[in-house]
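Below: one structure, written as structure tokens.
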Amino acid sequence: MTEGSSTPTFDASVAPTGQQTGRRRGRTLHKIVRNWRLYVFMAPALLTVLIFNYLPMYGIQIAFKNYIPAFGMADSPWVGLDHFIRFFNSYYFWDLLWNTLSISLYGLAVGFPLPILLALAFNEVRVGFFKKTVQTVTYAPHFISTVVMAGMIITFLSPSSGMLVNLLEALGISPPNFLTDPRWFKTMYVFSDVWQATGWGTIIYLAALSAVDPGLHEAAILDGASRMQRIRHINIPVIIPTITILMILNVGSLLSVGYEKILLLQNPLNMSSSDVIATFVYRIGLLEAQYSYSTAVGLFNSVVNAILLIVINQVVRRTSENSLW
């Protein structure tokens, strides 16, 4: 209010909250209308995630019910946490958890560093034909289907006619029973998976290494730096953010061991080391029709993965600037 006047005056630069919100909504709507082509382009991916990832979450409720198909989800009796308690108290709980964790940690310890080392090696190769040939050879196993891969493993390691078994016998080495000995199952699974995935995993690291400024290497060479010193002090720091993000994603999926190849290689003799949570859910849910119990076990698996992802992301966030969020 000005002096000598009864009419109040307001600062025009300070708009009421309602007006500010309306203006923000108007600007947002204007941006959406202006960039409608981008939103149409995004729509199929968003709809796919919504339909196949979020809508099925409605069925999680059967983990807390005694689901009877004749009654449907709504009318099936509610049992609360009974299925979870049954799983935690079962004699096979710790065996399933140990098999799942040991295979995941084994694969992470062996398979995670190899794409990094291979990408650093590829980055140092200057002969174009040799580099492309080796890259093609290492990428090719990624495109082999899981069923074909399992068939190849059985063909190579069969006790009676396996190519690798016959080669070891020709060299005077007594081969173990790779397919039936529980002590060899995890090694067989992990190394076959590493062989199939290592070459393809280098693509991400090679893309990150392409961001290295060649001038840094030229300056390091003039300063007398060796190749190993340049890799250590120039290349590796550039790919550290990529390594961190992929490590977070891998740790966040420790219990997500794919069941397809394990199921194809599984037999009654190696069951003690090959039965993981994923194969147990498949067997209990689809073969024995215990839908509620298998859903509860699968939900437990997903919740543990989510907790691991959040924890490792928070740890990385507090120790470095690289994190998912």
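Here, each number is a calculation from the coordinates, and none is a lab measurement. Here the structure is a predicted model, which means the values were calculated and not measured. Every residue, glycine among them, receives a Cβ derived from its backbone with ideal geometry; neighbour counts consider all protein chains shown.
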Using a cut-off of under 13 Å, list every residue of the range 117-161 whose amide N is near the label point 7 Å from the Cα of residue 250 along the Cα-to-beta-carbon line.
117-119
Enumerate the helices in the chain for which the Kyte-Doolittle hydropathy averages -0.5 or more and the C-alpha atoms extend at least 27 Å along the helix's axis, using complete DSSP H runs.
182-209, 291-319
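Estimate the FRET efficiency between residue 310 and residue 183 by the formula 1/(1 + (r/R0)^6), using the beta-carbon distance for r and 25 Å for R0, to the nearest 0.05. Provide the component values of the computation, followed by the final result.
On the way: r = 35 Å, r/R0 = 1.39.
With a Förster radius of 25 Å, E is 0.10.
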Identify the chymotrypsin sites (Phe, Trp or Tyr not before Pro) of the range 57-124 meeting these criteria: DSSP loop state and at most 15 other C-beta atoms within 10 Å of the C-beta.
71, 91, 92
Skipping prolines and chain starts, which residues have an amide H placed within reach, meaning under 5 Å, of the one on residue 65, given they are 5 or more residues away or on another chain?
79
Please report the spacing between the Cα centers of the range 214-230 and the range 117-189 in Å, no decimals.
36
Pick the calculated Cα extents along the principal axes in Å for this structure from [x] 111, 76, 38; [y] 53, 45, 41; [z] 78, 45, 38?
[x]
Would you mind ranking 81, 118 so that the residue whose beta carbon has the fewest other beta carbons within 10 Å leads the list?
81, 118
The chain - charge dipole about Cα centre, Lys and Arg +1 at Cβ, Asp and Glu -1, debye rounded to 20:
860
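Which longest run of the chain has no exposed loop site in it, a site being GluC sites (Glu not before Pro) in a DSSP loop with at most 12 other beta carbons within 10 Å, and the site itself not part of the run? The partial results should precede the final answer.
Details: sites that count: 3, 288, 321.
By the stated rule (loop sites, at most 12 other Cβ atoms within 10 Å), 4-287.
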